[in-house]
Amino acid sequence: MTGWSHHHVIDLSSFSLEDYREVLSLAHRFKSLPSSGTRKLPALQGRLVTTLFFEASTRTRSSFELAARSLSADVVNFTASGSSLRKGESVLDTALTYVAMGADVLVVRHSSTNVAAQLASELEKSGETTAILNGGDGLHSHPSQGLLDLYTLANYFNPLNPEPEALLGKKIAIIGDILHSRVARSNLWALTACGADVLLCGPPSLLPKEFENFVDAPPPGQELDPIKKRGRIHIERKLSEVLPYADAVMTLRLQKERMKENLLSTLDRYHNDYGITHQSLKLCQKSVPVLHPGPVNRGVEMSGELLADRSICLVEEQVKNGIPIRMALLYLIAAVEAKKANI
Ligand code: ASP
């Protein structure tokens, strides 16, 4: 164990290279466990992990639940529908209810930016030790997704040693609705921290020019960037300007629920210009892996044929890797006793 210092995990802008290394290497160890016959580790025995999801989720919530159970934690899942939110209870009071029930970790998802950070600061103010793990807040941040994408790429480039350095000098193309994507933002911090250059590609309505400077300064409230030298971000408008240089391609869902106005002409036109298919991948100079955080709109950001092509599409791999990555996060945050025992 080295210098892990995060009590809460809200976003990746404050992660050092050592933090990334620690999460990736722990996840890699956890990933190898099932094949060696061990199904559950006792690390979080007696700990309570609560998933507080105020916004829909398939992968993230189930994956956190499986991760927590694999470490022997107790798990309670809160879902907004059918809860006392309908009686007017606030998000903070909902969270405090689970804190009162003994939650050690609250995994929080909300459609508004900064809800996870606000809960973390409220808990600290009232002297509570419960940790907040951001499971996605509005369009701001989705750290566990950024980390599992990083691990999936590191594992692709260097399966024997999937460390942050596996990304050094790589060019990762991120395509589509960057503006509304918390996944893109988390990936920008993670990938550039590990020395990858990011090639962003999308129409101006979904990819404003300002994204080129996204990692140039730490976000408000954070004094320093712990990374000395980050990779660069470039913006292009056409697939033909990024795919020939890409070592990997990540495409993103059109976040229609976050679009306040109609930012697209038609879905057909979008697919034609930005859809990733076997045909558009011919623009690449070599065979490159394709990632998507899910859920996928088949035939919009990616073709159904490509989604089914396991030789290049890593979507299933991303889902699988989500579990050990979330185990690593839960372990680092909550398994103090196990850390001491150095399992
Ligand atoms: N599942 C990811 C998220 O929650 C990506 C998406 O919804 O498009 O942000």
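The values are calculated or read from the model by the stated rules, or taken from the named source; none is laboratory data. Predicted model only: the values in this text are computed from it and were never measured. Neighbour counts run over all protein chains shown; Cβ positions are idealised from the backbone, glycine included. Calculation scope for accessible area: heavy atoms of the full protein, side chains included, ligands and nucleic acids excluded. Shrake-Rupley method; radii C 1.70, N 1.55, O 1.52, S 1.80 Å.
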Quick count over segment 47-93, residues being assigned to a loop (DSSP other than H, G, I, E, B) and aliphatic (A, V, I, L, M), is 4
Subset of segment 186-212, residues in contact (Cβ under 8 Å) with a residue 60 or more places away in the chain and assigned to a helix (DSSP H, G or I), comes to SER186, ASN187, TRP189, ALA190, ALA193
Number of the exception - ILE233 against (1) among the β-branched types (Val, Ile, Thr); (2) touching an Asp or Glu at 6+ places or on another chain (Cβ under 9 Å); (3) within 16 Å of the ligand (Cβ to nearest atom): (3)
Could you figure out which of (1) of a type in the set (D, E, K, R); (2) more than 16 Å from the ligand (Cβ to nearest atom); (3) modelled with pLDDT of 95 or more isn't true of ARG326? (2)
For segment 17-46, give me each residue that is under 18 Å from TYR331 (Cβ atoms) and assigned to a loop (DSSP other than H, G, I, E, B). LEU33, THR38, ARG39, LYS40, LEU41, PRO42, ALA43, LEU44, GLN45, GLY46
What pairs can you find where one residue is in segment 73-95 and aliphatic (A, V, I, L, M), the other is exposed (fewer than 14 other Cβ atoms within 10 Å of the Cβ), and their Cβ atoms are less than 8 Å apart, with a gap of 6+ or different chains? VAL76/MET101
Is at least one residue of segment 166-181 closer than 27 Å to SER111 by Cβ, assigned to a helix (DSSP H, G or I), within 16 Å of the ligand (Cβ to nearest atom) and open to solvent by 10 Å² or more (accessible area, probe 1.4 Å)? no
Report yes if some residue within segment 202-225 is surrounded by 22 or more Cβ atoms within 10 Å (Cβ to Cβ), under 22 Å from TRP4 (Cα atoms) and within 16 Å of the ligand (Cβ to nearest atom); otherwise report no. no
Of all residues in segment 94-109, count the ones that are part of a loop (DSSP other than H, G, I, E, B) and either over 30 Å from ARG29 (Cβ atoms) or of a type in the set (Lys, Arg) (or both). 1
